[in-house]
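Asker: Pasting in a structure now, in structure tokens, and then I'll have a few things to ask.
What follows is calculated from the coordinates using simple rules that are stated; it is not laboratory data. Please read all numbers here as calculations on a predicted model, not as lab measurements. Positions of Cβ are backbone-derived with ideal geometry, glycine not excepted, and every protein chain shown enters the neighbour counts.
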Amino acid sequence: MEPIINFAADVEKTDEFVVNIGPQHPSTHGVLRFQTTLDGEIIKDIVPIIGYIHRGIEKMTEFLSYKQSIYLTSRMDYLSSFMNNQACALVVEKACGIEVPARAQAIRILMCELQRLASHELWWGSCTMDVGAVTPFFMAFRDRETIMDVFEANTGNRLTTNYILPGGVMMDILPDFIPQVKEILRNLKNFLPEYEALVNGNFIFQKRMKGVGILTKEQAISLGVTGPVARASGISCDVRKLHPYDGYEKLDFKEVVADGCDSWTRYLVRLEEMKQSIHIIEQLIDNIPEGDFRTKTKAVLKAPEGEYYQRVETARGELGVYFVSDGTAKPYRMKFRSPNFSNLAVAKPLNVGAKIGDLIASMATIDLVIPDIDR
Amino acid sequence: MNREELKAYLTETFPTATIGDTFDFPLIVVAKENLLEVVGKLKNAPETKMDFLFCETAVDRIEQFEIVYHLTSTTYRHDMVLKVMLDKPELPELPKIDSVYSLLEAAEFYENEIFDLFGVTFDGHPNLRRMILGDEWPGYPLRKGYEYPDIEQTLK
Amino acid sequence: MIKLADIVQWIHQWLTDVLPAFWATIAANALAGIAILSLVLVCVIICVYMERKVAAFMQLRLGPMRVGKWGSLQVLADVIKLLLKESFVPTRADKILFVVAPVLVLTVSLMALAPVSFSDGVQMWDMNIGVLYITAISSLGVIGVLMAGWASNNKFSLVGAMRAGAQIISYELSAALSILAIIAMTGTLSMNELVQSQADGWWIFKGHIPAVIAFVFYVIAATAECNRAPFDLAEAEQELTAGYHTEYSGMQFGMFYLTEYINMIVVSIIASTLFLGGWQPFHIYGFTAFNQVMDYIPQFFWLMGKVFFIIFLMMWFRWTFPRLRIDQLLKLEWKYLMPISLVNLIIAALCTVMGWHF
Amino acid sequence: MGIASILTMLLTGIGFALIAIGIGKGFGMHSWNPQKGEPYECGIPTEGVTWVQFNVGYYLFSLVYLVFDVEIVFLFPWATVVKEMGMFAFVEIILFSLFLFMGLLYAFKKKALSWM
């Protein structure tokens, strides 16, 4: 039977309008701009516009030596600067045939996993804040701060650490490092259940996350998504497992893969990754080998001519360094395949048809760092 | 497939292409015209299933461009590099190549970036725009011998 | 013991003695207006300070500490800051609506205070439809919000205002139905009589489960009507930057800010008058000594204590819950709160008819 | 104080708001440039018009609300007298609510209350 009054009939004749969400917006976490076409609350089209913080890192490397280039990588994804350094260092080591001492490898992994913890904590805080809960943000910062203090003491910097160099690490860890990290782990083991108690069980939070921002496995593969986002869509893509580097193959940890495909799964995957990182650190912290923290390298490194590709798993996905050498002391071309740049591609499939609130919530679980997109 | 098997398979399947090596991956250099066909075959063939484009970039080799595609398979986890050599005409004419967007959606942003920084246009790309630098920026910075614009002039 | 009512009566007497009748009425009205305004402003100052401190302690920090002892003068500093900010009208805005909107929302929320019974005999006007009046008047506030959002000529404001419209009117239903549950038991709409009816026990105790449900629903709906998190969709900082007052600055923004807190006070006053006995002290039946001690606390402080208790509840919500999405928010109202409060009202009516409540 | 009290509060509100905004205007800094008058849209000049025919998704709620609000206005006088009128009023309101509820169900069925 035909409805007497069709409420839906009049709805169709409404105007769409364009709203720019970003670059100066509280929840794009940086100078990212979404040009959204809205029909009421519903997003009809979304175009990510980037480039507000482009610094030309790839071009700058062409004028710098390999060792100098590493300092630029810290500025890409400032929440995973250890991993960025590591990727660059590894590709140079691979090209020049430099051996890394076991102690340096252990320190690298420790630092990277601590960085992953710190990054995921910041994400946890900002993700919950984007959904509207402000309190978790402060809890995340309380715990992240202890990790940042360790970084500051050991590397001299909190964000742009420039710590990992070809041949090892910049300097040895301090004697305090081990007890401090153990303290952090002890605290985190208490705090992680607290996180879950505060947010996971919350009815509203679950409603905002479950079934929202669906990224199917096929879409994720086609869009070249990596990291926790892809793993939450059921793709196994942890570089630490698939192409181990720096001795990850000797460690026992699980790759967190889930196939829920929605924001809620991405949220849980990251929380689980934090537990795995704690597990990795626990295995290493008492077994840091003695020895050098760095091999002696030549002042000016020269890579043999050729092409090299090295990938590492940062907190947000796979960072690849594609490095073309022409045998001189400077890279001929260095391309950083940054995880955020590829992950940004999900903005459209994730959000078309969703509401503004969903856009913010699902982009929060993608966890973009804008300087890494622009480079 | 491991590296040797993959190389053998590539040699067998694509007789016209040049098979080689980079440090990490097997390399196949295909002609510009065959790009879509080769990528389509690599993606769909049950032996390779190269369905994941994890890096696409360009290298300016002075006399020509190399467009470099890094492919991997989410099923078999073997990687490979595909290269296309592209003639480099004088500016303002831009070299042209087929977009692989129809096969691998990940190419959209990578190709935007290459267009922006190298000045290579892609046929069949859904939304080719200067993604990073914006339309006003003069020239293509990642080309070798790029002359920097006068910043004062540019910002005006 | 001197009662507040005696003081009011004394001032009124004095005015009628020294002034002619007409001017005495005017002066009395003016004094009453100023008194209520200052009371509200003091409450708002306490609220803002309280909100900052409550938020801070829930978030493992200390909150304002620099201005004055324990940051107690922080609110004053904020007011001075707001006063010194420029308030301007955007070029493309609808200028008249833009300017009128903040005045309207503030006036409306102040008007709702007219029939409030602050203490025994201290009331501007004991109107026989007090509750209906407050319900009606406070629903006018949404017009101001819509005006502000529309006039700003800003897309975020527009979306925020539209959200506010849908949200506030929807939640009015369950708020009104919750109020009606108590009205049915009392049989009066006068604020004063409502309080008087609770001399032998507050409705939340007397009214059995229907009253408790009505109280819970009223607090939820009131939070939504005040645009407070988790229902702050009209502002939704993370989504719409500041929602309907994105374009406002300076004291014009200050008016919206003030209104948010005045609204909180108003709904808390209604909630405490209806459910928690207004200015009636807390009594335990047959516990004479305790009851007498309770009686010694002035009635006004009883009311304010209850008001601030409910305000604390709303702050607690705000700093613990994530925000709902707009469709979830409306679904919550139309599919859960509204039908349940309708049924609750019928049960409350049944209680009344059968005489089941105390 | 009768109806004068409402007038008093009205005037108090308007007066206070005007004085506060006036003081703010008096004390505040003043400067002007064309960018300042632009609507805020994350730092990007706004595209197109803002005053458009907005999606009706919100309005339907208002329509349904209107129906129910009128019912609630009827409920107010009923609630005041239900105590005295007893069972008659109770039965009557059950019937009344039943109709109301049917209205709600109708709106549900027509999907007026689901978001579009």
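Asker: To the nearest 20 Debye, how big is the dipole of the stretch C:89-354 about its Cα centre, given +1 on the beta carbon of each Lys and Arg and -1 on that of each Asp and Glu?
Answerer: 500 debye
Asker: Related question: Mind checking the mean number of beta-carbon atoms from other chains within 10 Å of the Cβ atoms in B:35-43?
Answerer: Average per residue, whole number: 0.
Asker: Let me know the mean shielding of C:84-91 by other chains, meaning the per-residue number of their Cβ atoms within 10 Å of its Cβ.
Answerer: 5
Asker: Set Lys and Arg Cβ to +1 and Asp and Glu Cβ to -1, take the dipole of the protein assembly as shown about its Cα centre, and tell me which of D:Leu95, C:His283, C:Met304 lies farthest positive.
Answerer: Sorting the options by dipole projection puts first C:His283.
Asker: Follow-up. Let me confirm the definition first: pairs of Lys residues in the stretch B:3-154, 8 or more apart or on different chains, C-alpha distance under 16 Å. How many are there?
Answerer: Eligible lysine pairs with Cα atoms under 16 Å apart amount to 14.
Asker: Got a sec? Charge dipole of the protein assembly as shown, +1 on Cβ for Lys and Arg, -1 for Asp and Glu; which of C:Val116, B:Ala58, B:Ala45 is way out at the positive end?
Answerer: Final value for the positive-end residue is C:Val116.
Asker: Run down the aspartates and glutamates and flag those whose C-alpha is under 19 Å from the C-alpha of C:Lys69, throwing out any fewer than 8 positions away in its chain.
Answerer: Once the sequence-local aspartates and glutamates are set aside, what remains near C:Lys69 is C:Glu51, C:Asp78.
Asker: What is the percent of Cα-Cα separations in the stretch A:53-372 that go past 38 Å?
Answerer: For the stretch A:53-372, the fraction of Cα-Cα distances above 38 Å is 13 percent.
Asker: Rounded to whole Hz and in sequence order, give me ³J(HN,Hα) for the stretch C:66-74 from the Karplus expression 6.51 cos²θ - 1.76 cosθ + 1.60, θ = phi - 60°, writing x for Gly and Pro.
Answerer: In residue order, the calculated couplings are 8, 7, x, 5, 6, x, 5, 9, 4 Hz.
Asker: Determine the dipole magnitude for the stretch A:53-372: charges of +1 sit on the beta-carbon of Lys and Arg, -1 on that of Asp and Glu, nothing else is charged, the reference point is the Cα centre, and the result goes in debye to the nearest 20.
Answerer: So the dipole magnitude of the stretch A:53-372 works out to roughly 660 debye.
Asker: Given C:Trp10, C:Met65, D:Trp32, which one lies farthest toward the positive end of the charge dipole of the protein assembly as shown, if we put +1 on the Cβ of every Lys and Arg and -1 on the Cβ of every Asp and Glu?
Answerer: My answer, from the dipole projection, is C:Trp10.
Asker: Only helical DSSP H runs with n ≥ 4 go in: add -39500 (n - 2.57) per run for chain D, normalise by residue count and round the 222 nm mean residue ellipticity to 500 deg cm²/dmol.
Answerer: Result for chain D, helices only: -23500 deg cm²/dmol.
Asker: Enumerate the calculated ³J(HN,Hα) couplings along the stretch B:89-98 in order (Karplus 6.51 cos²θ - 1.76 cosθ + 1.60, θ = phi - 60°), each rounded to whole Hz, writing x wherever the residue is Gly or Pro.
Answerer: Each residue's phi maps through the Karplus curve to give x, 5, 5, x, 6, 10, x, 10, 8, 6 Hz.
Asker: Here's something else I'd like to know. Could you name the lysines whose alpha carbon sits less than 18 Å from that of A:Lys254, not counting residues in the same chain fewer than 8 places away?
Answerer: Leaving aside lysines fewer than 8 places away in the same chain, those within reach of A:Lys254 are A:Lys189, A:Lys241, A:Lys275.
Asker: Over the stretch C:89-354, calculate the relative contact order: mean separation of alpha carbon pairs under 8 Å at least 6 apart, over the residue count, as a percent.
Answerer: 26 percent
Asker: Using just the Cα positions, wrap the stretch A:209-318 in a convex hull and report its mean projected area in square nanometres, one decimal place.
Answerer: With the hull built on Cα positions only, its mean projection is 9.4 nm².
Asker: Short version: what are the Cα gyration tensor semi-axes of the stretch C:73-180, square root of 5 times each eigenvalue, largest first, in whole Å?
Answerer: Rounded to whole Å, the semi-axes are 30, 21, 12.
Asker: If you don't mind, another one. Taking every DSSP beta bridge with both residues inside the protein assembly as shown, roughly what % is antiparallel (nearest 5)?
Answerer: 90 percent
Asker: Still on this structure, I have one more. Semi-axes, largest first, in whole Å: what does sqrt of 5 times each Cα gyration tensor eigenvalue give for the protein assembly as shown?
Answerer: Taking √(5λ) for each eigenvalue gives 63, 30, 28 Å, largest first.
Asker: Within the stretch B:35-96, which GluC sites (Glu not before Pro) sit in a loop by DSSP and count at most 11 neighbouring Cβ atoms inside 10 Å?
Answerer: Those satisfying the criteria are B:Glu63, B:Glu90, B:Glu93.
Asker: Let me ask something else about it. Would you calculate a helix-derived [θ] at 222 nm for chain B, using -39,500 (n - 2.57) for each DSSP H run of n ≥ 4 and dividing by the full residue count, to the nearest 500?
Answerer: After summing the helix terms and dividing by the residues of chain B, the value is -7000 deg cm²/dmol.
Asker: Within 10 Å of each Cβ in B:64-72, how many Cβ atoms from other chains are there, averaged over the peptide?
Answerer: Per residue, the number of nearby Cβ atoms from other chains is 2 on average.
Asker: May I ask you to derive the FRET efficiency for C:Lys95 and B:Glu12 from their Cβ-Cβ distance with R0 = 56 Å, giving the value to the nearest 0.05?
Answerer: Computed FRET efficiency for C:Lys95 and B:Glu12 comes out at 0.15.
Asker: To continue, here is another question. As a check on your grasp of the helix formula, calculate [θ] at 222 nm for chain C: sum -39500 (n - 2.57) over DSSP H runs of n ≥ 4, divide by the residue count, round to the nearest 500.
Answerer: Rounded to the nearest 500, it is -22500 deg cm²/dmol.
Asker: If eta is 0.692 mPa s and T is 37 °C, what Stokes-Einstein diffusion coefficient results for the stretch B:3-154, Kirkwood Rh from Cα pairs, in µm²/s?
Answerer: 202 µm²/s
Asker: Find out how many positive minus negative residues lie around D:Glu47, taking Lys and Arg as positive, Asp and Glu as negative, among other residues whose Cβ is under 10 Å from that of D:Glu47.
Answerer: Charge balance near D:Glu47 sits at 0.
Asker: Output wanted: per-residue J couplings in Hz (rounded whole) for the stretch B:99-115, from phi through Karplus 6.51 cos²θ - 1.76 cosθ + 1.60, θ = phi - 60°, x for Gly and Pro.
Answerer: 7, 9, 4, 4, 9, 10, 5, 4, 5, 3, 6, 4, 6, 4, 5, 5, 4
Asker: Continuing with the same structure: Please report, ordered by residue number, every helix of chain A (full DSSP H runs) that is 20 Å or longer along its axis going by C-alpha atoms and whose mean Kyte-Doolittle hydropathy reaches -0.5.
Answerer: Passing helices, by number: A:81-96, A:102-131, A:135-155, A:177-195, A:263-285.
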